[in-house]
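What follows draws every value from the coordinates through simple rules; no lab data is involved. In this text, all values refer to a predicted model and were calculated from it rather than measured experimentally. Note that each Cβ is placed from the backbone with ideal geometry, even for glycine, and that neighbours are counted across all protein chains shown.
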Amino acid sequence: MIAIYFNLIGILLYYSKVKYFPKDILTFPFSYEKAIGLFFFIVSLGVFIYQWGGTIGCLMYLTSLILSASVVQLFAVLGKKWFYSFLILIHVIILINLFKHAS
């Protein structure tokens with residue numbers, strides 16, 4: 001689950017610099033979002049390969065990357081309320097997952 005979260009962060013940072021991203025939703029104060037997004041992609045790939053092995057890890061990475069890209073684009077187009085609700089939902093799911101593994 002943490003690898004999918006890293007993919008979502010990477011897609012969000014990378015997609016925020018594309019001209020089709022609604023500028024009223026989210027702006028970042030720095031100008032190197034694509035480089036940070038690439039870093040999160042590499043970390044996510046490493047986590048998938050560590051968890052699933054080489055071939056299956058790469059396939060899982062590509063699948064989650066496509067899913068993350070489509071979901072972020074969908075909620076960005078729907079508007080600010082839906083986009084922020086989506087981000088809050090993802091963070092709540094990650095916290096539940098972390099608490100589940102911690103206990």
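So for each of 50-60, 71-81 I average, over its residues, the number of other beta carbons within 10 Å; can you give me the resulting order with the highest mean first?
So the order, starting with the most tightly packed, is 71-81, 50-60.
In square nanometres, what is one fourth of the surface area of the convex hull spanned by the alpha carbons of the chain? Please list the in-between numbers first.
Numbers: hull surface 27.6 nm².
The Cα convex hull of the chain, projected and averaged over all directions, gives 6.9 nm².
Check the stretch 2-102 and count each lysine pair with an alpha-carbon distance under 23 angstrom, considering only pairs eight or more places apart or from different chains.
Close lysine pairs under the 23 Å cut-off: 10.
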